[in-house]
Structure formats: C-alpha cells, structure tokens
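Here is the structure we will look at.
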Amino acid sequence: MDLQSLASPTGLLIGALCGLVPLVIALRNRTPRPGILGFLACLLSGFACNVLGGLPMILLTVAVVVSYTYTDRDDPFLSRAALEEVDFEETFGAMVTRRLAGLGRTIRAASRALVRNKAGFLGFLGLVFFFVLNIFGPMVIPYDGQPHFYDRRREGAINLFQGPSAEFPLGLDWQGRDILSHIVHGGRALIITSVQAGVITTVIAVILGAVAALIGGLLDQILNAIANFILTIPQFPLLVVLAGLISFEDRFFLAVLLGLLDWPTLMRAVRAQVLSLRERDYVEAAYALDLGLPHIVMREVLPQMISYIVINMIFSIRGAMYAIVGLVFLGMVPFTEPDWGVMIFMGRSQGALFSAEAASMLLSPVIAVALFQLSLVLFTRSLEEVFNPRLRAGL
Amino acid sequence: MCLHHRVLEGKMRKLTVLILLALLLTSVAPVIGQAGQAPAGTFYGAWPYFLPPDGHLNSFATGGPSGIGLYYRWVELPMAYFLRAQGEYEPWLAESWEFEGDEAFVVHLRQDAKWSDGNPITADDLVGTYAIGRILLWSDFNYVGEVEKVDDYTVRFHLANPSLLARHLILRTTIRSMAVYGDLAQKAMEVYASGANKDSESWLALQTEIKEFRPEVVVASGPFIYGLEDIGDSFMTLHWQPNSIFSETVKFGEVKIWYGETEAVTPLVLDGKVSYATHGFPPATDQAMMDAGLRIIRGPYGYGAAVYINHDKYPFSRPEVRQAMAMAIDRAESAFLTKGLSALPVQYMAGMADSLVELWLSEEDRAALNTYPYDPAAAEQLLLSIGFTRDANGKWLDDNGDPVVGEYIFQAEWADYGAAAQNAVEQLNDFGFQITGRAVQWQQLDEDLKAGNFTLTVRSWGAASPFPSDQFNQVLRTWNYPGLGEGQKGINFPMEFEWRGEQIDFGKLIADAGAGLDPEAQRPFVAKAAAIYNDLLPVIPLSEALANNPLNENLVSGAPADDDPIWLNGGGSVDNYITYLVMNGILTPGPEA
Amino acid sequence: MEATTSPQAVQSGWAAFWKATRRALTGYTARTLLQGLLTIWAVMTFTFVLIRQMPSNPVQIEAERIVREELVSYEEAYSRAASLFDFDPNQPIIEQYVEYLAKLIRLDFGQSITSAGTPVLDQILQYLPWTVFSVGLGLLISFTIGIFVGMAMAYWRGGILDNVVTALASILFGIPNYIIALLIILILGVQLKLFSVAEALGRVDPTIEPGFTPEYIGSVLSHAILPVVTYVSATVGGWILTMKSSTIATLGEEYVTVAQARGLSQWRVLTAYVGRNAMLPLVTRLAISIGFVVGGSVIIEDIYRYRGLGKFLTTAIVARDYTSMQGVFLVIAVSVVVANMLADVLYGALDPRVRVGKEQ
C-alpha cells in the first residue's frame, strides 16, 4: 500500500470520476443534497489518495445516498433490527440495496454522533486539518531542502536563522530554509509511523488477548508472563538503548518495535473482557457450535469491545508519537529530514532556545506536535459516542 | 561480616586522616597568616565537572581534579606551558631541560616551588607521578624507558624512542604530590621492579587500586585549591592558596565554575555571569553572545571537517576524482555552513593545519602545493580527461559508463559535521554526482568507518597536535588500516605506492617526519609528505574549526588584542590561553567581578 | 476531605489493610514474590545482554571526548581512556554475566565503568532521592487535584466548572510533557523573562549550606517548581478525567441511592460513600504509577538539567557505562514490581467487595 502517495492532478480526475457515481444515483433518486456531498467527498478523497481513496469512498457515499431513499420509500420507522430480519427471497439487487442502506444509516448516525460532542468534533477537525496539511500542503508549498548560503542571509549576520516575515511566515531555520515548508512536509512520516505503531499494537494485543482468554492454560500463563515482563522494563529508556542497537533506516521497523513494546496493557484488557464475555450465552453457543476462534473473535468479541479498542489504538498512536519525537529529541536515533522531531532536536542543538530570532524553529514543530496530539485525544470523545450503541440508538 | 569489617576499617582510616588533617591545619595556620592575602575578584568559568560520588579528588582517575577541564591546571601545574605560535615552552615547575644526545631527556625542577601543604616540589614527586603513570599506561611511555632521579631537583627520562614528542608530552605533564600519592607510587615502583608487565595480575591489581584511590584532600601546586565540600550542584569553587609559584601573580582570589554543558551554560553566558567558557556554541548562540556585548575568541583547533573516502570504492579511489571533488566544493560556503564564523576554509590542503604549513614548509614548497580553488569548470575538464562523461541529465558517468553514485553518512548528533556533510552532498550533486546523505549515530558511524562500511563520510582531517606527523596520522593511522585492529580497513588508503616515478612508503615517510630530535632534519620529510598528501588527497579537507569562546570583559580585564599570538594556543584544556593569561597576572578582575 | 472520614471508617480501613497484608504474607504472596523475583531476573538478564550490543564501547566514547576537549591525538586519548576504565572489551559476555550475578546476590551493584572506583549503588543513591522527590511530588499533587476536581465535576456535571475543566484537562492531557517543558522555558523564561532560566535550572542553589534549614529547603523546593509543574500539568488531566468518570459510575450505584434515601447528609454521602468507592480504581493506578516514578522522567530531567536518575541514565547510556545503566534498570524494575504488588494488596484492602468475598 502506497501510503506515501501525494495529492496529484490525476487524483483529482479519479476523484471526479468516482464522485459521478453517487451523484448520478442521487439524482435518479431525487435526493440531490447527499449526492452533491458524496461527489465532493469522492473528489477530495480521490484527490488525496488516488484510487485508494476514491473507490472506497464510492461505496460509502453510495451507501449514504441509498440510505436516504431506501428509508424514505419504505417505513421511516424501520429499525435496524427489522432490516436484518427481511426474508431470504429478495433478489440479489434488493439485498445489496438493503445492505447499502444499512451501512449508509450507520454512517449517518455515526457522523451525527461525531458532530454532537463539541470537543470531540474539534478534535476531528484538527485531524482533518493535519490530513489536509500533509496531503495537500505539499502541492502548494514545495519542500525547501537546500541550505541557503548568501542569498537569504541578512546583512552581517553570522547565522542563517530568521524570524517570521512576509516572505517566510514562520521564518528560516539554521540552514536558512523555510520553516513553513518543513512543517508542511515534516509531519507525514511521523504520523504514518505513529499510526502504524498504533495499529500493530492493537492487532497484537487483540489477537494475543483473545487467544490467551479463549485457549487459556499454559499459553495463557506464558502470554501473561511476557506481558508482565514487558510492563516491568522501563519503556522509554529501553527504547533509547534499542535505538542505539538497531539502525532505524526503515521507519516501519520503528513502528514494529514500538508495537512490540506497547501491547501488554490492551492485551490484558482484551483478555479480561473476553473472559467475561465467554460466560455469556451467545459466545458459549458459538463455542459449542465449534465456529472456530477467528469467527468468535471477529464476530462476537470484537463488536462488543470496538469502542474500547479503537480508543486504545488512538492512545497507542499518541504514545508512539511521544516516543518517536522523544527519541529524536534526545538525539538518540538517526533521522531523516524533514521531520518535526528533527526540527526540535536541531533547533535545540543549534541554540534556538536562546535566540529570539530562532525561536520559530522550535516553536513551530512544538506546536504542531502538541496540536496533533491534542486533536487525537479530543477525537476519542467523539469516538466514544460513535461507537456507543446506547448513545447512538437515541438518534 | 566482611563488609562490616571493611566499613569499620574505612571509618577508622577516615578518622585518622581527619585528625592528621586537623594537626596539619593548626601547624600551617600561622604560615597562611604570614603569606600574602588572597587577591580580590572572582573568575567565573563553566564546565560539566563531576559531582560526588563520581567526582572526587584523585587526579589520576576520571572524575578527579583532571575532570574540571582547563581549570585543572590552575590546581596542579605542569612543568612547562607550550606557546604554540612560537613553538616554544615557558618554564613553570621546571626550570630548564635538555636532551642528552638520543639517550635521555633531563628535567631540572625549580627549587623554590612549593606544594600547598608547604613541602617543596621535588624530583621525588615527579618520579612518583611517572611511576603511577607507567602503571596507567600513559602514552609517554611510547618514548620513555626508565625514569631516574638524579638529585632532589633533577630527573632523567631515558628515551626508548628518541622524539621531540617525548619532550612535548613530559613538559606538559602535571606533577602530583607524593604526600598524597606516595604509597601508590611506592607500590608502582615495586610492581615495575618485579618485572611485571601490563597484563600481570599485580599490575592490573595496582591499576585498580590507583583508580579506586580517594584522597581526602587536594595538595595543590597551582594557586588554587578545593575540597569535596566546594563541589556544589550548580557550581564549584576554587580558593586561592599562598604557596604556589603563581600565588603572587594571579589577580583572582576565587574561581567559580558553573556546572553544565552547552545548553545549560548558554543562559548563564548570555546573562553575563560567566567570565569565559570553552563550550562549542552554535552560530545562533554565537550571534546572541555578540549581541550581548561579549567578546568572542576564535582560536584555531588544528583540525576540522573533511570528506572521508573509502578507497575501495570506484571511482572515488582515483586521485583525479578526488581532485575534481576538491575543486567542485566551495570550501568557503562549506565552512560558513559548518560553524558560521567559527570555521575557516582550508587553504593549503596538505593534511595539516594551515598555520603549521606556514611554520614547516618553505615558501617554495608552499607555492608548489595545489590549493584547489573552487572551480567546477576545471574539475569538469579533469574528469573529462580521464574518460568520464555526462549523461543526458548532466549526471556524471565514469569511464566504465556507470553513474558516480554513493552514500554519504554523517553523524546525526554532530550539528557542525552534519551540516558540512549535507552541504558537501548538495555541492557534489550540483556538480553532477549522485550522492545520498544519511544520518547515523556517531558511535555507529565510527564502527562503520573502521570496518570500511561506507563510501563517503565526514570526520576530522588533522589533529590538535603541533607536530605534522600527528596531523597526518589522524587520517592515515587512526582511521586507516595500519592503525586499526585486525580485519578493519578504515578508509583503506594504500600506504605504499608509486608517486611521480618514485616508490613511496608513506608510513615510513610520516614516521621520519616526526623522528629524531632535530626539527631541521624533519623538515624535508614533512614537506614531501605534505606534497604527496596534497596531490593524492586521502581525504578532502574542507574547513578548519575555530573555537568561539565568549570572554566577558565586564568580569575580566586585560585580555590582549585579537592579533596577539597567545590566542593561537586554542581553547582546549591543555595549554589553554586563559590559563597562561591568568597565571601570569595579565588577566585581572573586570569592573563587575 | 479525606480527613473528615469518620474514625470508625478509618479504623476499619486500617484493620482490613493489615488483615490483607497478613493474608498476603502467607501462601498467595510466596507465589507473587517468586514471580516478582523471576520478572526482575528476566529484565536484568535481558537488559544486560542488550546494552552490551550497542555500538561502540566506553573506552572509545571517552577517547572521543578527550580528543574533542583536550585537543590531543586519538591514539593518546585512547590509551589514556583504556587505562582509566575498569573495562575489558575482550571479556566474554557470559563471563561478565556470571561475575555480575555473583556480585548482585550480595546486593553489590558493582562499580561504575566510566568513574572507576565509584560504586554504582552510591551513584544511584545520589540521584534517586531527587527524582523520587520531584516526580513523586508531582504525582502526589496531580493525584490530589485530580481526585477533588474530578469528584466536584462529577457532582455538578454539566456546570461551568465541568465544562471549563474538562476542556482544560483534555488540552493538558493531550500535550506531551517535554513539549510543556520546552514551552515553559521558551515562552515564560526566554521570551517573557518571567524567571531567570539560568537560576531555575539545576536542583538547588549551591551557595546554601545543605541541612534542615528553611533556606535550603526553600531552595530545593523552588528549583523543583519547574519539573513539578511540568509533571503535574502533563498528568493532572488524566487523573481528573478518570476520577470524574469513576465518580459518575459510582453515583449510579444502588448503595448511594440507598444512602441518600436513608437521609444521610449530602456531605457524608459524598465523602464516605461516593468518594471512597470512586477512588478505588485510582488508588490502584496510583500505586502502579509510583513504580514508574523512578524511570519516568528521562527527557524532563534532560531539559531542566535536573540531575536525577533519568538524567543519570541518559548520561550513562551516552557514555556506554554498562554497570551504571544496569544498576538503574534494575532499580526501576524492582520498583515497578514492588509497586504492582502494592497495588494488589491495596486493592484487596480497599475494595469492600473483594474483602467481603475473601472473608466469606
């Protein structure tokens, strides 16, 4: 999967083409509003991530569009439960429509839940901002990576730092490069690595937690012992040591490492939850029916815990970013520019802490990291509502 | 049980020492009364010294007085001070010295020098110091054999390997008091006399004993002294003492040393609380210091950044390619980006500091050196002449038609060298090479460099030593196969080759450049080695680092003008110019001290 | 508020605590102890091997330092560094390990490599109190604030206090502690000049004679302000939010409704019934956090030049001082294990349900 892909004009075209699908369906169903929204959504996501963004967005937007007409035409008070009890004699097309409508309704409910919590929505907007900054920013602001010698030096200055000016809104860094361009280009790798680490943590924790609880016995004990062991090692100092040991040429490797150190807490929670779920009838029934471990985990356990797991993943992402920036901050890992963490490290070692002109080199990445982490934390509030069936049912 | 016993024993010993100390103090007290009064004024230094328990008073071990940077030599004096500009030594604890042919080096100590406890500084102290130094494998013993006391104030060092370096090392050694280290020195002499070598058990055991020795007091030969109670959390204090040869000349009664590395010291310097600091400050801080009205001393270090080349990698193994690279990189730009005003572009490209080139090479020899001025066109011609071509995109292809590619690794944590490397990558790529830069932890880079796992990297050409042979060896021995361990190749620059129709043994040539006791005899070897280096460029020197030491003229007065030759001594811990200026009373308390 | 809890409640709390402790000392704890020891051993062995795989070694690092600081040639620096350190790069790691283990059994942490002759235990004892003091104080303050504010917010939820503090707590919770530290120095110290950065760094003013004098204690406290403020602001948000949700959950419990129905005063219900029970999960968490006090301050101590165990550890890592590093890792592992045990005991002693269940 090419996560590094940048927004491109081709993407814009793909997005526009994808957007036609929900638009046409919506116009045929005489619901222009969701159609136009769907078109815009497809356009943007296709623009941002090409086919990878465009195609899934077709599915989502069509679902939303269909959900409007579907419920409008039939029973407006139709509940989800009733939807799933439709008899099996429907045609394939009807089934697809029904499923799509179900999905669309979930999306609408979720997006309303998302907006309801103000703080959470603010966090969501923050994340969207960083998404836009990292995906579209590079199109507008090219990366300024070359050191600038005389051409940007102020008269008589012996360093290349400069405070904010009209030409360079965030000023120039120690090599005379545009700080704004480093902010725009310097977050992507950091965010991607953090997200990767969060996902890896979650996957490991969920699988191990479920396995430990469902299989039990010796395996359970061993997994618990390992979890205990990892929890006892001081994480950050250990990372510092590991950083010296392994050369992180591949950022993904760093993500794996962070994931390997971070899973025990979530794993214990999943294990406890699964243990308690195991007692419940439907899981026992599934077990008795010999439906297999993956089935039980995916179908019975996960949906119950999804809220907890997703929120935990967000915190893992946050923890991973804390660790990565911290390691770079202390100068303990080799790094590549542009990167927010590297800006902080270089700013510190180049004396930006004590020079008013250079302060921007430190402040800009510091604020970027703080805002991003803040958005993550706030966003969990909305997630709670989105995933909380009780709250959502109230819609 | 055993532990308890040891603790008790330790306490007893402490008690005895304390009682002895008390007796000593009461007997010395009247002497202090008679001697001169401590001058007024405080000197404010800065250094990341060691705090107890890591900090202690054993100057043979890390964490002792020798761990307080340049200020150590204000407590324990060396025999002489080396004046780099003149290449001469000013006698301090030694009165005079001479070589006895190729056999020995004789030192005559001053007869009026006293320790802070009132005892005279004698040959026994010097011999004892070297007895312990031998156990600690001091590099002096690469040149020195037996150390013999001739009379109370004369010591003869028998030379195992006659070299001017022996004189340099011996004279700059600090003498330690045998009132403190006498027992250890006695044991050291016994171990050495027993025929033990550095791998013998008795030798190693004594080594450990020396390192673990924790004296209760410092016995100083310099005008300043301190005790454990003077080492504080954010500064330590040295007090004036009357018995030193410099006690009457120094103009400061107290030295306060702020604790900290660069980042911790910077606000203190900018607040005007530091008289002088030797930390390496980044250019932004440099500017802030200048804006704050501080005077910045920019003494040369004698080394600087160079492009290191792995001579196993084609086409970089071709001298023409290295010469072209030397002309394709604008060294003025490189120097400015490396350290702002605190780096100078290298002029002579001869493998040693430009100041040494002027000292050692005749005008004629100097004129013969290629200074590789920035000239991409000439570089282009040179490459074309050996069959290189440019492809459609203007990128260079070597004579086999392969693109000139390579990875340039640099130290992630060393901002200055990192900048030098990044700039070199830019400039070489502008010229049409395809180089990629990669940051590596510096420890890892050292390993890679030794093992030869690199194509291009950045490290120092030259060394702080005033001897050309040392400067050459920094590259050709320290980071090249002759000086490295088994299986390690380093830059793998061949040391035996044909040059201008003559078979050269480069290692021997450099050794000859440092051998013997007559500088005049060394000169031709130095000149030839420089010429070869200049032509073959084992590495490509870029800039010479300068210190940027802030001097606060509100706190100190009397510092000489910027063109005074004393500043050439540099801001290191040994032979620091401030040490010279303070000891000789040239530096005095400023208006606010 | 805790002080107003009725004497009986306190007494029964203590009695239960001792009972649980006694119980823990028999059968169950023997196993826990063994487990703890095994974990510590595993961590020790793991870190022992790991740190020796880092590139370079203490002698090379020291040689490099000597070259840079004293301007001597590398060869001279290397031979000097080699003779100064108690370190043999050629000794097989298994031999080193056996030696270390043999010493450790006698509670001997060995000697520092880079500061030969200095016992690692002495080093740790020099730095540990400062870290425990600053981080511990921060933890205590933020825990206390969290308990009271969180409870108040739950009680008057939906009010102005709730909304304002929730927003504030989320913001503080979202920002990494080192970012807060940098902002404090950069904005409050350097730009606004609210305090002198030069004087605020470090642990204590060295001109003041150490001792139990008001000046010395005052200086220690004033130097701890920056790190403690940083620790508090980085953690207090988490405590507040947890306490709030825990209190809300407790408010819905039956026994609270019953207590209110019995006509007990608001205050009494709040302190004796709600507060106590809502605090339960937080107390366990506090116990676990105590375990991380020792190792949880690496970057903050670096920024504030506050020489505690975290700063010492980074210095040891940079200098590749294996024995010192090993010692710190060991101390951290032990404190985490002990804190976890403490958390178990506390939970058993404080939760009436667990208590009753066990006694029956």
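FYI, it's all coordinate maths here, none of it is from the lab. Predicted model only: the values in this text are computed from it and were never measured. So basically every Cβ, Gly included, is an ideal-geometry build from the backbone, and we count neighbours across all protein chains shown.
Relative to the longest principal axis of the Cα atoms of chain B, the long axis of helix B:2-34 lies at roughly 80 degrees. Other residues with beta-carbon under 10 Å from the beta-carbon of B:Leu294 carry, at +1 per Lys or Arg and -1 per Asp or Glu, a net charge of -2. Residues B:Leu344, B:Leu456 in ascending order of nearby Cβ atoms (within 10 Å, fewest first): B:Leu344, B:Leu456. Residue exposure proxy: B:Lys256, C:Lys193, B:Lys211, B:Lys313, ordered by other Cβ atoms within 10 angstrom of their Cβ from fewest to most, comes out as C:Lys193, B:Lys313, B:Lys256, B:Lys211.
Note on chain C: Cα convex hull, mean projected area over all directions, 24.0 nm². Taking amide H as placed 1.01 Å from N in the peptide plane, the amide H of B:Leu551 sits under 5 Å from that of B:Arg295, B:Ile296, B:Ile297, each at least 5 places away or on another chain. With the convex hull drawn around the C-alpha atoms of the protein assembly as shown, the volume per residue stands at 221 Å³. The H on the amide N of B:Val556, modeled in the peptide plane, is under 5 Å from the matching H of B:Gly590, each at least 5 residues off or on a different chain. Mean sequence separation of contacting Cα pairs (under 8 Å, at least six apart), scaled by the length of chain A, corresponds to a relative contact order of 19 percent.
Of the GluC sites (Glu not before Pro) in segment B:51-103, the ones in a loop by DSSP (not H, G, I, E or B) with at most 15 other beta carbons within 10 Å are B:Glu103. Per-residue 3J(HN,Hα) values for segment A:346-355, derived from phi via the Karplus relation 6.51 cos²θ - 1.76 cosθ + 1.60 with θ = phi - 60°, read 5, x, 5, 6, 9, x, 5, 5, 10, 10 Hz in sequence order (x marks Gly and Pro). For segment B:185-242 versus segment A:298-364, the spacing of their alpha-carbon centroids is 46 Å. Across all directions, the average projected area of the convex hull around the alpha carbons of segment B:250-303 is 4.9 nm². For segment A:126-131, the Karplus equation 6.51 cos²θ - 1.76 cosθ + 1.60, evaluated at θ = phi - 60°, returns couplings of x, 5, 4, 4, 5, 4 Hz by residue, with Gly and Pro reported as x. For segment B:282-346, averaging the sequence separation of C-alpha pairs within contact (under 8 Å, six or more residues apart) and dividing by the residue count gives a relative contact order of 30 percent. Overall shape: prolate for segment B:177-306, with the ratio a/c of the largest to smallest alpha carbon gyration tensor axis at 1.5 or above and a/b above b/c. Exposure proxy for C:Ser324, B:Ser200, B:Ser385, A:Ser316: other Cβ atoms within 10 Å of each Cβ, ordered fewest to most, give B:Ser385, B:Ser200, A:Ser316, C:Ser324. For the listed residue pairs B:Lys251/B:Lys273; B:Lys339/C:Lys193; B:Lys395/B:Lys489; B:Lys313/B:Lys395; C:Lys19/C:Lys244, the alpha carbons are over 22 angstrom apart in B:Lys339/C:Lys193; B:Lys395/B:Lys489; C:Lys19/C:Lys244. Restricting attention to chain B, close to 80% of DSSP beta bridges with both partner residues there are antiparallel.
What does the C-alpha gyration tensor say about the overall shape of segment A:133-203? Classify as rounded when a/c is under 1.5, otherwise prolate if a/b is larger than b/c, or oblate. Prolate.
With all projection directions averaged, the alpha carbon convex hull of segment C:106-198 covers 10.4 nm².
Once the Cα atoms are used to define both axes, helix B:201-212 deviates from the longest principal axis of chain B by about 80 degrees. Computed over segment A:188-337, the percent of Cα pairs more than 23 Å apart is 41. For segment B:47-212, the residue among B:Thr174, B:Pro65, B:Tyr89 whose Cα projects farthest onto the positive side of the dipole built from Cβ charges is B:Pro65. So what's the angle, to the nearest 10 degrees on a 0 to 90 scale, between helix A:359-387 and the longest Cα principal axis of chain A? Tilt of helix A:359-387: around 10 degrees.
Amide H contacts for B:Ile504 (H built 1.01 Å from N in the peptide plane; partners 5 or more residues away or on another chain; cut-off under 5 Å): B:Phe497, B:Glu498, B:Trp499.
So for chain C, averaging the separation of alpha carbon pairs under 8 Å that are six or more residues apart and normalising by length, what relative contact order in percent results? If you can, show how the numbers build up before the last one.
Working: 399 pairs, mean separation 94.5, N = 360.
Over chain C, the number comes to 26 percent.
Couplings 3J(HN,Hα) of segment B:234-239, computed from phi: 10, 7, 10, 10, 9, 9 Hz, in residue order, whole Hz [Karplus 6.51 cos²θ - 1.76 cosθ + 1.60, θ = phi - 60°; x for Gly and Pro]. Summed over all non-identical Cα pairs, the Kirkwood treatment of chain B gives a radius of 26.3 Å.
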